[in-house]
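Structure, as structure tokens:
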Amino acid sequence: MPELWDGLALASISAPERTVVFPDGSVRVVLDLPGPVIIGHGVYLPGWRWSTYVGAVTGRSSQHHFGYVLSGGMRLRSRAGAEVEAGPGDAFAVGPGHDAWVVGDMPCTALDWWPRA
């Protein structure tokens, strides 16, 4: 549990509140306090794809979120079909209904910020 005092919160990637595991990847939920945003640290293995490993399994559509790639690479496709590739040091924003997948043969590690549902 992150420390919370006087309106401040501190959390560590090495001590997540919970971990969500799915085929070929996982997200460590680092900071999930009352408020508008959840912060996660994801590791996605080569071959991972949102629509295949998360959307198809959960029956949910992807939601709007922001990310920052720490290592590896990920391709993002908007609901309208526009695509970009994000690599180390790239920040991205994606709207609801997007798809994303790992490119190359290295895992993609990224930080994610998404609105609380």
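The values are calculated or read from the model by the stated rules, or taken from the named source; none is laboratory data. All values derive from a computational prediction rather than experimental measurement. All Cβ positions, even for glycine, are placed from backbone atoms using ideal geometry, and neighbour counts span all protein chains on display.
When the residues of segment 95-117 are filtered to those that are part of a loop (DSSP other than H, G, I, E, B) and either more than 19 Å from residue 52 (Cα to Cα) or in contact with a helix residue (DSSP H, G or I) (Cβ under 9 Å, 6 or more places away or on another chain) (or both), the one that is modelled with the lowest pLDDT is 117. Only one of the numbered conditions (1) over 21 Å from residue 9 (Cα atoms); (2) over 12 Å from the mean Cα position of the chain (by Cα); (3) surrounded by fewer than 17 Cβ atoms within 10 Å (Cβ to Cβ); (4) among the aliphatic types (A, V, I, L, M) is violated by residue 93, and that is (2).
When the residues of segment 68-83 are filtered to those that are touching a Leu at 6+ places or on another chain (Cβ under 8 Å) and surrounded by 13 or more Cβ atoms within 10 Å (Cβ to Cβ), the one that is farthest from residue 43 (Cα to Cα) is 68.
Going by the structure shown, is residue 97 free of Cβ contacts under 8 Å to residues at least 24 places away in the same chain and over 19 Å from residue 17 (Cβ atoms)?
Details: free of Cβ contacts under 8 Å to residues at least 24 places away in the same chain: no; over 19 Å from residue 17 (Cβ atoms): yes.
Here the answer is no, as residue 97 does not meet what is asked.
Pairing residues of segment 13-30 that are more than 22 Å from residue 103 (Cβ to Cβ) with residues that are polar (S, T, N, Q) and part of a loop (DSSP other than H, G, I, E, B), at Cβ distances under 8 Å and at least 6 apart in sequence or on separate chains, gives 30/12.
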